[in-house]
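Bear in mind these aren't lab numbers, they're just calculated from the coordinates by the rules spelled out. Since the model is a prediction, treat every value here as computed from it, not as a measurement. FYI the Cβ positions are ideal-geometry reconstructions off the backbone, even for glycines, and counts take in every protein chain you see.
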Amino acid sequence: MSSSPLRTLIPQQFLIADNEYFTLLALLAVITLIGIIGSKKNSKNTFLLTGLPFAGKTAVYYMINHNKAVETVTSIKENETDFLLTEGKPPVHIVDIPGHERLRFKFSEFMPIARAVVFVVDSSTVSRQTRLLAEYLYDILADNFAQNEKIPILIACNKSDLLTAFKKERIQSLLEEEINKLRQTKTAALDTQESEGNENVFLGFEGKDFSFQDLENEVEFIECSTENKDVEGIKDWMASVL
Ligand SMILES: Nc1nc2c(ncn2[C@@H]2O[C@H](COP(=O)(O)OP(=O)(O)O)[C@@H](O)[C@H]2O)c(=O)[nH]1
Ligand SMILES: [Mg+2]
């Protein structure tokens, strides 16, 4: 054993061989690294509000952080804010992403920092918008970050106050049927080499009809209404995935 100045200060019974120091150091480095990676992952506190135009994203955005209804206008830029979700816990960040077709893909810019996604649906127009909804949802679910980090997704079936609103179970099965069809089209495109980007991600199990349950992401459906100030379900879910 070499006698470094440090070693002369350490009592004899605590001295260990050099290779054991290396093992200890390597172990410490690994533990620190795991700690850093772990804390980074857990420190993600951004929630993305997505959905088609007119779903009620901006209404939900204001209702959950100010508990108030506001006159909303069609947004071309995202709204962002920090707010206190749970008393005594650090604030969370929320981004309201415009749903216009040309701006919709903005969600992917925010995906790397996303803790979870809240996909707002207008429950009263689902039957007319099933295809568009399924396409947007497909893009979110097939996103690299959504896949690799198994980002949880809440489907907030908004406008439940309206008589024409579908129940969440009906919305879920309509979306599953439509994503199933979309998946067939995309697989066919893949076979003829026409696809690009995330389209080569297959959602669910091959040879089985599409079901949200088959995804590794947690996908939950709830009903809500900003009109009735009923957004507690969204807040509770957000707190549960933090
Ligand atoms: N009846 C009803 N209307 C709603 C509800 N939430 C939003 N709206 C209305 O739906 C329209 C679109 O809302 P907005 O938040 O701008 O949708 P965004 O385009 O998704 O941001 C507005 O006229 C809102 O007043 C709701 O829970 N019930
Ligand atoms: Mg809006």
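Residue pairs exceeding 18 angstrom between C-alpha atoms, taken from LYS77/LYS168; LYS57/LYS150; LYS181/LYS208; LYS77/LYS229: LYS77/LYS168; LYS57/LYS150; LYS77/LYS229.
Available extension along the chain between ASN148 and LEU132 is 3.3 nm, counting 0.36 nm per residue and deducting the alpha carbon span. When peptides 141-147, 26-32, 181-187 are ranked by their average number of other Cβ atoms within 10 Å per residue, the highest-first order is 141-147, 181-187, 26-32.
Loop-located trypsin sites (Lys or Arg not before Pro) across the stretch 58-163 with a Cβ neighbour count of 16 or fewer within 10 Å are LYS68, LYS77, ARG102, LYS150, with loop assigned by DSSP.
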